[in-house]
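A short write-up of the structure that comes next.
A short reminder: the numbers here are calculations on the coordinates, not readings from a lab. Worth saying up front: this structure is predicted, and the values here are computed from it rather than measured. Positions of Cβ are generated from backbone atoms using ideal geometry, with glycine treated the same way; all protein chains shown enter the neighbour counts.
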Amino acid sequence: MSDHERNKAIVRSLKECQGTEDQDATLGEIISPQYRYLRGGLMHLGTNALGQDFPEPGRFLRDALPDRVDTVEDIVAESDRVAMIWRMEATHTGNLFGIPPTGKTIDIREIGFFRVVEGKIVEGWFMADELGLLIQLGVQLPTRNDGRRIALPLTDEDGPGDALVERLLAGVTTAQGHKALEGEVHGAFPDRQHRIRATVADEDGVWMRGVLRGTNTEEFLGLPPTGRHVAVDEVGISRFDRNEWVEGWYLTDVVGMLLQLDALEVLEEIGCRPIPPRG
């Protein structure tokens, strides 16, 4: 078995062991003691819930989503890097970072970028379709007791965007569930640029994670232009047939974008109701 295939098998086992009797033993074998957790899949839900005494969603969210099933859809490796995308299907029957049980089913994608060194996963970066999750549950982020909305600070540096990303993102297929909203994102930030942070390439594709940044100078879901700058995570998968680009898929952190614009209420326009504070 090649190093690439071995690294892919290690990362695949991280997902496939979850919820099984072998989970703890497998994690002990494949996770480095120096493991760095760079980003959580449901980062904004988790950050918003900090300090609120919400019930814990459980390890791998299984108290909130006990019938969760993850299906690995694709996985690639290059050097010590591995990228994997999976489909998460579950029924929301427990408290999820302050969202009371809705009984609704979810079906979203999540993508992870990893580094594997000497048979151990030393780094993991995750991004799930948080917007798709909120749309499917029909809710917004839970209201905090202090009334705040926790938007992560802008950390993207100045400088030109990557021409490769600009070219590959033209006309690509968006993540499931909210294609129209992705179109709104592009129209609302006409000066947007894309910067690559990491890539993983195989024989026919390039997987990228990076930052989309831009200034809100056009209407966004009925919100007048704010003039605010945003810098949010995005991921993209592009596939090629010889030298011809044939397929593209990407996911933008729209929830982070709305938090940076202080405009989370626009989600009501697409059916996401506010969750009142506990009391």
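Projecting label points 7 angstrom from Cα along Cα→Cβ for Q52 and V246 puts them 4.5 nm apart.
For the chain, the fraction of alpha-carbon pairs lying more than 24 Å apart is 52 percent, rounded to a whole number. Extension gain, V122 to R87: 0.36 nm times the residue separation minus the Cα-Cα distance gives 10.3 nm. In this structure, T20 and D204 have a Cβ-Cβ separation that, at R0 = 22 Å, corresponds to a calculated FRET efficiency of about 0.10.
At R0 = 41 Å, how high is the FRET efficiency between E73 and E269 if r is their beta carbon distance? Nearest 0.05 is fine. Before the final figure, lay out each step's value.
Working: r = 30 Å, r/R0 = 0.74.
Result of the calculation: an efficiency of 0.85.
Other residues whose C-beta falls under 11 angstrom from the C-beta of E123 contribute a net charge of +4, scoring Lys and Arg +1 and Asp and Glu -1. 3J(HN,Hα) couplings calculated from phi for segment 73-88 with the Karplus curve 6.51 cos²θ - 1.76 cosθ + 1.60 (θ = phi - 60°) are, in sequence order, 9, 6, 7, 9, 9, 8, 6, 9, 9, 9, 10, 9, 10, 9, 9, 9 Hz; Gly and Pro show x.
So what is Rg over Rh here for segment 3-142, counting just Cα atoms and using Kirkwood for Rh? Intermediate values should be presented prior to the final figure.
Working: Rg = 15.4 Å, Rh = 15.7 Å.
My calculation puts Rg/Rh at 0.98.
For segment 177-279, the set of trypsin sites (Lys or Arg not before Pro) satisfying both a DSSP loop assignment and a count of at most 13 other C-beta atoms within 10 Å is given as R242, R278.
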